[in-house]
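The values are calculated or read from the model by the stated rules, or taken from the named source; none is laboratory data. The structure displayed is predicted, hence computed values, not measured ones. Counting neighbours? That spans all protein chains shown, and the Cβs are built from the backbone with ideal geometry, glycine included. The protein model used for the area step is the full one, side chains on, heavy atoms only, and it has no ligands, DNA or RNA in it. Shrake-Rupley method; radii C 1.70, N 1.55, O 1.52, S 1.80 Å.
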Amino acid sequence: LAFGPVYVERSGHPNPYDDDRALASLFAPKTSRVARALLAHPARVWRLQELADEVDVSLGLVAKAKASLLDAEYARDSPGGLALADPDGLLDAWLIADRRRPKPCGYYSLDSISETERRIADTARASGARAALTSFSGAERVAPHVRYTHASALVEAGALEEVADRAGLRPVETGANVRLHEPYDDGAFYGAQDIDGVSVAHPVQLVLDLAREKGRGEE
């Protein structure tokens, strides 16, 4: 404490709640929510508590993520708070780390791709489960670029099999024309938007999922 002529220093009492464990990864499930918010709002300057509230994580986790972001120069400290400095570098690093994710579950539907996408969305809504079109299915509604041959959707953990069954999808080992992804964290639904009555994943999530697709996905 230092004020006026007074200076008080106390030492020798370590913080029993201090956690010196290194942050496992900037892109670990909950921690990746910080990067997701920064990329979703690239021009915004964040106070740490605002960022923690935005993505529903602890202030301590945001502080650790901030240290990693600053160390890698993906973000910078500004007078107003934390600001994104290198979005391309951050996204590239995330794409490399994201390759370890489990593969999606494959299903087959006799209906057209668009009909199947709509049915998945309607079934998830009726079941009370969160779901959002992603990969080519999502990109088609945000920025159409290629023709595609299979439907893709995120379905919240624990509800995937129920949604698939109620939507009439048949699990298959090969020849799937539907791919359902169970996200490793609820942050995957951050920023999802309603387009023509169907929930579509935020472009950040679309990029992450498209990059894992064969063919023209990475492009």
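Annotations
- The calculated Kirkwood hydrodynamic radius for region 131-219 is 13.3 Å, given to one decimal from all distinct C-alpha pairs.
- Selection from His150, Ala65, Ala93, by position along the positive dipole direction of the chain (Cβ): His150
- The Rg/Rh ratio for region 151-194 is 0.99, where Rg is the radius of gyration of the alpha carbons and Rh is the Kirkwood radius.
- Estimated vicinal HN-Hα couplings, Hz - region 133-148 in sequence order (Karplus 6.51, -1.76, 1.60; Gly, Pro = x): 5, 9, 6, 5, 4, x, 4, 4, 8, 9, 8, x, 9, 9, 7, 9
- Between region 133-191 and region 68-113, the Cα center-to-center distance that results, in Å: 18 Å
- Once the gyration tensor of the Cα atoms in the chain is diagonalised, the equivalent ellipsoid follows with semi-axes of 41, 18, 15 Å, ordered largest first.
- Per-residue Karplus couplings for region 25-40, computed as 6.51 cos²θ - 1.76 cosθ + 1.60 with θ equal to phi - 60°, are listed in order as 6, 5, 10, 5, x, 6, 5, 5, 4, 5, 4, 4, 5, 4, 6, 6 Hz, Gly and Pro entered as x.
- If the Kirkwood radius is taken over C-alpha pairs of region 21-146, then at 37 °C and 0.692 mPa s the Stokes-Einstein diffusion coefficient equals 195 µm²/s.
- Separation of the Ser25 and Glu73 label points, Cα + 7 Å toward Cβ, nm: 2.4 nm
- Here region 165-219 is assigned +1 on the Cβ of each Lys and Arg and -1 on the Cβ of each Asp and Glu. Its dipole about the Cα centre then comes out at about 240 debye.
- Within the chain, percent of DSSP bridges classed antiparallel, to nearest 5: 80 percent
- Mean projection area, nm², convex hull over Cα of region 77-193: 9.1 nm²
- Listed residues Val172, Val200, Val62, most fluctuating in the chain (Gaussian network, C-alpha, under 10 Å): Val172
- Anisotropy class assigned to region 131-179 is oblate, per the alpha carbon gyration tensor with a/c at or over the 1.5 cut-off and a/b no larger than b/c.
- Ranking of Ser114, Ser135, Ser199 by solvent-accessible surface, largest first: Ser114, Ser199, Ser135 (1.4 Å probe, protein heavy atoms only, all chains present).
- Computed from backbone phi, the HN-Hα couplings of region 178-189 come to 9, 10, 10, 9, 9, x, 6, 7, 5, x, 4, 8 Hz, rounded to whole numbers (Karplus: 6.51 cos²θ - 1.76 cosθ + 1.60, θ = phi - 60°; Gly and Pro given as x).
- A Förster radius of 30 Å combined with the Cβ-Cβ distance from Ala43 to Arg216 puts the calculated FRET efficiency at roughly 0.55.
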